[in-house]
């Protein structure tokens, strides 16, 4: 192991630091310092941050050059994320498009699909969503019922997707549907690119426990899509889904660990305004130290994951543990952040101008989803038990 | 950056089952590499089913390996860093020590110890023989039977001055930091041993017509323990892989490793005993041996709570350069 920057990595780090000190970045970072506990406003701010990064030349670091990227190893993304944590930068809004949909297109898309969509995803001009889960197909994704029927001119989609993040903001959706109703479970599934403005594509907000609606119902009612909307071949759906999860591991892991470090950093800053005696009396000194230590450890675990992906091309056993640990830790940080706010945080209405914007309440409630979406804690443990530890069920 | 172990390091870890009690392969490398090698060594021993990464004798040898380049020709093992009960007299010709010291050390370890005394802001390190007529020693077995608490009363016992001032401070600081790192590495290895023993057990043991490994709660407990160990291992690797020339920064890294591994190792060892059911409670299971060792290792330097106080107060800017904010 060698944790020091190579000369080229060091130059890259310096350049990015310089950009972060520039006017464009600073203006957005100051706005992000009081990020609202409001889904729509957050999306807007994070979208502008995405575009700023793109215009500055900082998006697509690890994307292949033929798709508009730089082709750097994952360590460059790691450096970028480290520096963004230092300045408490927000994540980008279009993470579904960049981290989940784009890698699928690079692996499975046609040349035409890639040329049409990838540049716009990279720039932030195209927002994509991922229509996989359904009401009866959550953890058991193979139980999807959305039907894709072949027509002369293309396909017709019928079904209802649930938990579709950012569907109202998206222009395109990657949808999993059953093309062969006679095939069982993982078989007979295919993926399609769906124009979110097409007739028969209806999006309804799904109000979450935090009051916001980043999740949505995606209703497909005789939605017709062209022949070239299929991704890969008919029947490739399950492999695409699995790829989508695996391909996203490294970058997604870095992003969410970085966001967690920012959350903790903000929490620590709030505590610094308090007296020593009160911090000690409430046991907060030790609690913060324990959390900080775990978050640091998670960062290093994520780096090991990144290193393995860079070296082997695919995630190793650590990947399964990272999501599980991150979900638990993010909830711990969010819980403490809400707790230290005391009664005032629980009773004071959000006031955007005074920066009491309910962010702690939102973050806490939002964190409860982390142990569920992207594979529940129970699913992660089961994967670890069976595939990593080899325990027979 | 290279974020994964290189082939040599992997080989070092995997070779450990061949020579479970020697430290020869660790060598006399620079501190950062040395500590990483120790961490790998402990991990490998745990994976291979070795109950202890180091026998007490091997642990003594390791300390000599670590300590000799820094102090020179040392055979001592323990360092009573508190020294609060000691009084040093120096009449210009003879140096003697009076008072009482406690030292946690391996049973049958060396008889000469270092004592650190700090008075009026001035640090000194002395070498004292425990077998001197003017000292009396009571040995009490510790929670881990391979360790003991040596309580020595010195009555004008001759002492040899080994270091003063900044050098003495640096010796003591380095020792304390490395002790934490090594403790974290060894706790990691002990927890690995416990988890691996558990995986074997639950895969063999049958109850209610099926293997224990088939019960979701058992599988998930193992998975959670595995995940926690990955977290601990990541921090230990990152902490010890750095060049240790950075002084105070190392101390913080050592504290963090101590905080995290103390917690995780204890949980994993306890979980392992629990998942073994009644078999885990039996002396011969060996699991309690690992657990006892973890308890002693985590109690170093005031334990994880003291380390958490240090880290937390620095994080919250309550303490900077040794000064406290009110």
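The values are calculated or read from the model by the stated rules, or taken from the named source; none is laboratory data. Just so we're clear, the structure is a prediction, and the values are computed from it rather than from any experiment. A quick note on method: Cβ atoms are made from the backbone with ideal geometry, for glycine too, and the neighbour counts reach across all protein chains shown.
When we screen B:225, B:197, B:185, B:191 for residues that are touching a residue at least 24 places away in the same chain (Cβ under 8 Å), farther than 23 Å from residue B:277 by Cβ and crowded, with 16+ Cβ neighbours inside 10 Å, the only hit is B:185.
Given the residues B:200, B:236, which is the only one that is modelled with pLDDT of 90 or more and part of a helix (DSSP H, G or I)?
Details: B:236 fails: modelled with pLDDT of 90 or more.
Matching residue, one of B:200, B:236: B:200.
Where helices (runs of 4 or more DSSP H) fall wholly inside the stretch A:274-393, the ranges with 2 or more residues that are in contact with a helix residue (DSSP H, G or I) (Cβ under 7 Å, 6 or more places away or on another chain) are A:284-312, A:318-347, A:359-367, A:377-383. Among the residues of this structure, residue A:348 counts as one that is in contact with a strand residue (DSSP E or B) (Cβ under 6 Å, 6 or more places away or on another chain), surrounded by fewer than 18 Cβ atoms within 10 Å (Cβ to Cβ), more than 23 Å from residue B:252 (Cα to Cα) and more than 9 Å from chain B (Cβ to nearest Cβ). Based on this model, can you work out whether residue B:169 counts as surrounded by 14 or more Cβ atoms within 10 Å (Cβ to Cβ) and over 22 Å from residue B:250 (Cα atoms)? So residue B:169 fails the test. The one condition from (1) under 13 Å from residue A:236 (Cβ atoms); (2) crowded, with 21+ Cβ neighbours inside 10 Å that residue A:180 does not meet is (2). Restricting attention to the stretch A:219-229, does a residue exist that is modelled with pLDDT under 90, assigned to a helix (DSSP H, G or I) and away from every other protein chain (no Cβ under 14 Å)? The answer is no, given that none of the residues of the stretch A:219-229 is modelled with pLDDT under 90, assigned to a helix (DSSP H, G or I) and away from every other protein chain (no Cβ under 14 Å).
Under the condition of being at negative phi and outside any helix (DSSP H, G or I), which residue from the stretch B:203-233 is nearest to the other protein chains (Cβ to nearest Cβ)? Only one residue tops the list, namely B:211. What number of residues within the stretch A:80-98 are surrounded by fewer than 22 Cβ atoms within 10 Å (Cβ to Cβ) and under 14 Å from residue A:173 (Cα atoms)? Count: 1.
Determine which member of the set B:205, B:251, B:233 is crowded, with 24+ Cβ neighbours inside 10 Å and either without any contact (Cβ under 8 Å) to a residue 12 or more places away in the chain or in contact with a helix residue (DSSP H, G or I) (Cβ under 9 Å, 6 or more places away or on another chain) (or both). Give the steps one after another, and end with the answer.
Values: B:205 fails: crowded, with 24+ Cβ neighbours inside 10 Å; B:251 fails: crowded, with 24+ Cβ neighbours inside 10 Å.
Exactly one of B:205, B:251, B:233 is crowded, with 24+ Cβ neighbours inside 10 Å and either without any contact (Cβ under 8 Å) to a residue 12 or more places away in the chain or in contact with a helix residue (DSSP H, G or I) (Cβ under 9 Å, 6 or more places away or on another chain) (or both), namely B:233.
Among the candidates B:189, B:165, the residue that is away from chain A (no Cβ under 14 Å) and either at pLDDT below 80 or more than 27 Å from residue B:233 (Cα to Cα) (or both) is uniquely B:165.
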